1. Out of all the residues in the range 79-99, which are acidic (Asp, Glu) and in contact with a strand residue (DSSP E or B) (Cβ under 7 Å, 6 or more places away or on another chain)?
2. Considering each residue of the range 125-160, count those that are under 25 Å from Met89 (Cα atoms) and of a type in the set (Ser, Thr, Tyr), and give that number.
3. Please go through the range 103-130 and give me each residue that is surrounded by fewer than 19 Cβ atoms within 10 Å (Cβ to Cβ) and within 25 Å of Asp147 (Cβ to Cβ), ordered by number.
4. When you scan the range 171-193, how many residues do you find that are crowded, with 16+ Cβ neighbours inside 10 Å and over 17 Å from Met89 (Cα atoms)?
5. In the range 233-265, what count of residues is obtained for those that are within 17 Å of the chain's Cα centre (by Cα) and within 16 Å of Ala193 (Cβ to Cβ)?
6. Take the conditions touching a strand residue (DSSP E or B) at 6+ places or on another chain (Cβ under 6 Å), of a type in the set (A, V, I, L, M) and either farther than 23 Å from Ile239 by Cβ or not assigned by TED's automatic domain parsing to the domain that holds Glu250 (or both) and apply them to Leu172. Does it pass?
7. In the set Leu105, Leu126, which member is in contact with a Pro (Cβ under 6 Å, 6 or more places away or on another chain), of a type outside the set (Ser, Thr, Tyr) and either in a loop (DSSP other than H, G, I, E, B) or under 18 Å from Ala206 (Cα atoms) (or both)?
8. Just to confirm my filter: which strands (runs of 3 or more DSSP E) fall fully inside the range 181-284 and include at least 1 residues that are free of Cβ contacts under 8 Å to residues at least 60 places away in the same chain?
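The values are calculated or read from the model by the stated rules, or taken from the named source; none is laboratory data. The structure presented is a predicted model; accordingly, all values stated were derived computationally and were not measured. In this analysis, Cβ positions are derived from the backbone assuming ideal geometry, glycine residues included, and neighbour counts consider all displayed protein chains.
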Amino acid sequence: MYLWLDRVIGRDSYAWHSGGTTAGRECIALYFRNAADAEGFCAAFPELELADGTRYPGYSSPALPFGRKTGEDEALCNLYNVSTTQEAMRQLFRSFEFTDKAGNLEPGSIYPDRLAPIIRHNREALELVRARWGMPSPPSVLKTVRDPGVTNVRNTSSPHWRRWLGPAHRCLVPVTSFAEPLGPGKGNQWFAAAGDGPMFFAGIEARDWQSVRKVKDGETTDDLFAFLTTSPNAMVGAIHPKAMPVILNEAKQWETWLSAPFELALKLQRPLPDDGLRMIENPI
């Protein structure tokens with residue numbers, strides 16, 4: 001864990017000290033300079049549970065944190081893995097003019113606000129590039145100048161998202177496995193395609209977007225992306241009953257998502273068939 005903190009977050013961006021025990025459980029205190037790093041840490045170590053005194057047996061007040069209902073599990077998982085090679089992606093789209101601008105892509109896990117590969121339009125061609133995970137947030141939800149980004153999009157009728165739902169802003173997000181939380185302190189359940197074929201998330205993207213992602217960096221200009229979600233199929237719903245990513249696993253679906261009119265493309269915002277995924281123990 002500490003090696004990960006030093007390598008990914010940087011020693012000047014976090015601090016920690018042992019916290020002893022609280023309510024009979026071992027604790028450690030971690031301090032981050034910005035919320036995005038804290039979110040990345042939580043995604044990287046799902047087996048750790050955030051301390052929440054309102055969940056301890058000794059908590060007797062009826063008050064709960066704002067927006068949380070009794071018995072509600074508000075845990076979310078923003079974590080997926082990519083191991084598809086660049087050559088494999090070039091071969092999948094060999095019938096198109098295809099340009100690889102992603103540099104040297106290393107396989108591994110993708111966390112919010114990190115760079116990840118996407119396939120997007122470049123005029124009449126397609127290009128493989130890296131973009132930052134998290135589309136611009138609706139202004140109404142921002143409390144400060146900082147915008148950490150929105151990783152998943154469900155409400156495609158929102159005027160905020162409509163501007164990016166045309167073909168020019170749609171993209172494919174390569175994925176080989178994705179995770180959903182099993183519950184506090186229980187880690188993640190990973191899902192992969194049932195067969196050997198490739199799969200992509202149905203994504204949207206924005207280019208040259210100016211915003212403050214991290215206060216220490218100030219305003220930056222970034223290419224951003226997110227992917228659509230929908231109601232879960234039976235397999236994912238057993239773990240996460242609220243939603244699952246929109247997954248495209250057929251060439252016809254990829255072409256439809258990238259080029260079809262809005263009304264046709266949005267028909268792809270539906271659960272993958274129940275037999276389209278398998279549960280796996282570790283990411284692939």
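1. Taking the range 79-99 as the starting set, the residues that turn out to be acidic (Asp, Glu) are 87, 97.
Scanning the range 79-99 gives a single hit, Glu97.
2. Of the residues in the range 125-160, 1 are under 25 Å from Met89 (Cα atoms) and of a type in the set (Ser, Thr, Tyr).
3. Answer for the range 103-130, where residues must be surrounded by fewer than 19 Cβ atoms within 10 Å (Cβ to Cβ) and within 25 Å of Asp147 (Cβ to Cβ): Ser109, Arg114, Leu115, His121, Arg130.
4. Within the range 171-193, the subset crowded, with 16+ Cβ neighbours inside 10 Å is 171-182, 188-193.
Next cut, over 17 Å from Met89 (Cα atoms) only: 178-182, 188-192.
Total meeting the criteria: 10.
5. Qualifying residue count for the region: 6.
6. yes
7. On the way: Leu126 fails: in contact with a Pro (Cβ under 6 Å, 6 or more places away or on another chain).
Selected residue: Leu105, the only one of Leu105, Leu126 that is in contact with a Pro (Cβ under 6 Å, 6 or more places away or on another chain), of a type outside the set (Ser, Thr, Tyr) and either in a loop (DSSP other than H, G, I, E, B) or under 18 Å from Ala206 (Cα atoms) (or both).
8. Where strands (runs of 3 or more DSSP E) fall fully within the range 181-284 and carry at least 1 residues being free of Cβ contacts under 8 Å to residues at least 60 places away in the same chain, they are 199-212, 219-230.
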